[in-house]
Amino acid sequence: MLLAIDVGNSTTSVGLFDRNKALCFLASLDTDSRKTADQISVDLMNLFTLYHYDYTCVTGAILCSVVPPLNFMMEKALTRLLGKPPMVVGPGVKTGLNIRLTNQTQVGADIVADAVAALEKFEAPIVTIDMGTATTIGIISEGHNYEGGLLLPGVNVSLEALSRRAAQLPDISLQHPKSLIGKNTEECMRSGIVYGTAGMLDGIIDRLREEFPGKKLTVVATGGNAPVIVRYCRNEIIYDKYLLMDGLWTIYQKNK
């Protein structure tokens, strides 16, 4: 069994695969860089207990992180729990991608995993949209070339900034708006952030299509906020909840 962990800025996703690539469970924990290796180990053990699996059956682990201060403790916890260190997505790990950036080390490990999974499932050119704390957009061309991308504030980050900087605006959660035109402050904020983000993505996708004239551009979205936003986009966007986890599985197999 393979344990795959993605440490994001807000949440940490923990997935367990069986030998046939079936996802046994996918859980989510708060990301807390103050936790010790022992605390992380206990959290992971509790997840295995919750989902009725035995962590001693895990034969390997792969770690993907965009929170460097937590990397050492996470590696230490996994080594203590499983008896051997995890594979860490980073420089030197085979991905099959030709990263065409001026500084390849600046590509987030999560974006690499998204791109690897997208290439396994779809034909290039592909646009990946990962909607977490930040909204990250990656562009993959033919020949497994990762061309670069765009970085935007995440939906919740935008909502929090709006509430904090405007004295009369309340804190609200991300939900589906009742209609395009809001009838009170909360509805106006919710409609604005959802339709505004959807319109922004549509505009970017339209412009990206111009970069690949005459070719069909596949757009795939993942991340916690994607299900709410994607349904309001006018472009065809495939939602794949397990895109990043599938990418970690593939990277592990390439390097096992």
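The values are calculated or read from the model by the stated rules, or taken from the named source; none is laboratory data. Here the structure is a predicted model, which means the values were calculated and not measured. Note that each Cβ is placed from the backbone with ideal geometry, even for glycine, and that neighbours are counted across all protein chains shown. SASA here: full protein model, heavy atoms, side chains in, ligands and nucleic acids out. Shrake-Rupley method; radii C 1.70, N 1.55, O 1.52, S 1.80 Å.
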Filtered residues of region 54-78 (kept if open to solvent by 50 Å² or more (accessible area, probe 1.4 Å) and of a type in the set (Val, Ile, Thr)) | Thr56, Thr59
Determine whether Ile229 is open to solvent by less than 20 Å² (accessible area, probe 1.4 Å), touching a residue at least 40 places away in the same chain (Cβ under 8 Å) and aliphatic (A, V, I, L, M).
-> yes
Among Ala167, Ala118, Ala161, which is in contact (Cβ under 8 Å) with a residue 40 or more places away in the chain, small (Gly, Ala, Ser) and either part of a helix (DSSP H, G or I) or open to solvent by 70 Å² or more (accessible area, probe 1.4 Å) (or both)?
-> Ala118
Residues of region 33-53 that turn out to be among the acidic types (Asp, Glu) and either open to solvent by 80 Å² or more (accessible area, probe 1.4 Å) or touching a helix residue (DSSP H, G or I) at 6+ places or on another chain (Cβ under 8 Å) (or both), as a count | 1
Return yes or no: is Asp18 among the acidic types (Asp, Glu) and either over 22 Å from the mean Cα position of the chain (by Cα) or more than 18 Å from Tyr252 (Cα to Cα) (or both)?
-> no
Would you confirm whether any residue within region 103-113 is more than 30 Å from Ala37 (Cα to Cα) and not small (Gly, Ala, Ser)?
-> yes
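Is region 239-248 home to any residue that is under 22 Å from the mean Cα position of the chain (by Cα) and either farther than 30 Å from Lys94 by Cβ or of a type in the set (Val, Ile, Thr) (or both)?
No, region 239-248 contains no residue that is under 22 Å from the mean Cα position of the chain (by Cα) and either farther than 30 Å from Lys94 by Cβ or of a type in the set (Val, Ile, Thr) (or both).
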